1. Take the stretch 32-50 and flag every residue that is part of a loop (DSSP other than H, G, I, E, B), under 27 Å from LYS124 (Cα atoms) and not hydroxyl-bearing (Ser, Thr, Tyr).
2. Go through (1) within 24 Å of LYS124 (Cβ to Cβ); (2) assigned to a helix (DSSP H, G or I); (3) not polar (S, T, N, Q) and name the single condition TRP53 misses.
3. Looking only at the stretch 323-354, which residues are under 25 Å from the mean Cα position of the chain (by Cα) and either surrounded by fewer than 13 Cβ atoms within 10 Å (Cβ to Cβ) or part of a strand (DSSP E or B) (or both)?
4. Could you check the stretch 185-209 and list, in sequence order, the residues that are within 21 Å of ILE250 (Cβ to Cβ) and either free of Cβ contacts under 8 Å to residues at least 12 places away in the same chain or among the polar types (S, T, N, Q) (or both)?
5. Would a scan of the stretch 163-175 turn up a residue that is among the aromatic types (Phe, Trp, Tyr), within 11 Å of ligand 1 (Cβ to nearest atom) and either over 16 Å from HIS403 (Cβ atoms) or in contact with a helix residue (DSSP H, G or I) (Cβ under 6 Å, 6 or more places away or on another chain) (or both)?
6. Here's a check for you: in the stretch 31-42, which residue that is surrounded by 17 or more Cβ atoms within 10 Å (Cβ to Cβ) and not β-branched (Val, Ile, Thr) is nearest to ligand 1 (Cβ to nearest atom)?
7. Can you report the number of residues in the stretch 379-412 which are in contact with a Ser or Thr (Cβ under 8 Å, 6 or more places away or on another chain), of a type in the set (D, E, K, R) and in a strand (DSSP E or B)?
8. Being in a loop (DSSP other than H, G, I, E, B) and in contact (Cβ under 8 Å) with a residue 12 or more places away in the chain is the filter; apply it to the stretch 242-253 and report the residue that is farthest from SER357 (Cα to Cα).
Amino acid sequence: MPVLVMKFGGTSVATLDRIRRAAKRVGVEVAKGYDVIVIVSAMSGKTNELVGWVGETSPMYDAREYDAVVSSGENVTAGLMALTLQEMNVPARSWQGWQVPVKTTDAHANARIEEIPPENITAKFAEGMKVAVVAGFQGVSPEGRITTLGRGGSDTTAVAFAAAFGAERCDIYTDVDGVYTTDPRVESKARKLDKISFEEMLELASLGAKVLQTRSVELAMRYKVKLRVLSSFEEQSDDAGTLVCDEEEIMESNVVAGVAFSRDEAKMTLVSVADRPGIAASIFTALSEGGVNVDMIVQNIAEEGRTDMTWSCPVDQVKRADAAMQKAAQDGVINYDELIADEAVAKVSVVGIGMRSHTGVAAKMFKVLSDEGVNIKVITTSEIKISVLIDRKYMELAVQALHDAFGLDKVA
Ligand code: ADP
Ligand code: ASP
Ligand code: MG
């Protein structure tokens, strides 16, 4: 039988009623003759609550126990989904990550899937089970402990299963009806895309568009998984939603495909460090060992052998960065005058493979922002994206102005 993977996100399984509605969708695919693997998230809000409980109990928590707690939300929805399907006379069974097993690295809270042996589930399909309901977001480490895949990780579970089982398609059911030119909650004129290339989706996801976890797009690209994003709230035809696919499959596209943003950023500046070979290595090694995910980096002009180093990182890592720099100074690795943190910045990015062949996108982006009176604090570019760091209070304004200026509400 052909295999189909269907993933239901938090809002799509938020209540028993919604689980029933999702189960009906699954029943439709079973009736078409598919063996279905359903990946479920925790009920919406549940994972946040669990993360909160861990932080309240132990601020510098042990990541193994964090995983033990935060993975549990998915166990509930997996069991409830299997029960709901059984009530509809669809033969279904639930699986937690370790039971499959979803083998991952031991990087707790941010583990990567290494292997999903299909045998256990395939054997059950052979016995007549029609639906395997798998708890998303979780796996098991080489030592046999529960791991989680990072926030939004159920998308990655879904794509990894689609790859492991050679599924015909991986359908990601969520609370929007596809991938838009930007988050439709921030720009009401955002337009749903029928297709988007893997490369562009990868950039949008890694720059903040949380509709798909970045790693899920990487896996889909590597293993050629047919990946579709669609709504669990409306009746869906076979070509509904957005298909994430190779760029060759897209006939026409705008130079800029979309605008992404990341709200909770911080800009940190280490004032007056020695301007000598190896200083950047010392600073960023210390930050990385301190668990800080540095994003943008700027080294300012040096004066009299001293320079300032600026970087951005998630705002909730500012304290860690501070601790890492203090430790490096105590260890005599670096010395500096002070560390300044601006905790009210956001990153806004424009993404499009058209930038490979079109010049002037950066200039236009900067002009649009300056016309709106928005000051740019840091800039980074790559082949198909331009990102700027700006004051958080201007984030929505910047997203809307860029969306408008690049004509994203219209088809090319
Ligand atoms: P789920 O719980 O189903 O995994 P998420 O909340 O993780 O859903 O992701 C869906 C959300 O992603 C949407 O509600 C939307 O606000 C947000 N989003 C951000 N950028 C985009 C985009 N470019 N297109 C569609 N949705 C986006
Ligand atoms: N429940 C997890 C989270 O909220 C995983 C997911 O929904 O994809 O991050
Ligand atoms: Mg999600």
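The values are calculated or read from the model by the stated rules, or taken from the named source; none is laboratory data. Just so it is clear, the structure is predicted and the values come from calculations on it, not from any experiment. Please note: Cβ atoms are built from the backbone with ideal geometry, for glycine as well, and neighbour counts cover all protein chains shown.
1. Those that are part of a loop (DSSP other than H, G, I, E, B), under 27 Å from LYS124 (Cα atoms) and not hydroxyl-bearing (Ser, Thr, Tyr): LYS32, GLY33, ALA42, MET43.
2. Going through the list (1) within 24 Å of LYS124 (Cβ to Cβ); (2) assigned to a helix (DSSP H, G or I); (3) not polar (S, T, N, Q), TRP53 breaks only (1).
3. Once the filter is applied, which keeps residues that are under 25 Å from the mean Cα position of the chain (by Cα) and either surrounded by fewer than 13 Cβ atoms within 10 Å (Cβ to Cβ) or part of a strand (DSSP E or B) (or both), the stretch 323-354 yields ASP342, GLU343, ALA344, VAL345, ALA346, LYS347, VAL348, SER349, VAL350, VAL351.
4. Once the filter is applied, which keeps residues that are within 21 Å of ILE250 (Cβ to Cβ) and either free of Cβ contacts under 8 Å to residues at least 12 places away in the same chain or among the polar types (S, T, N, Q) (or both), the stretch 185-209 yields SER197, SER206.
5. Scanning the stretch 163-175 turns up at least one residue that is among the aromatic types (Phe, Trp, Tyr), within 11 Å of ligand 1 (Cβ to nearest atom) and either over 16 Å from HIS403 (Cβ atoms) or in contact with a helix residue (DSSP H, G or I) (Cβ under 6 Å, 6 or more places away or on another chain) (or both).
6. In this case the residue turns out to be SER41.
7. 1
8. ASP246
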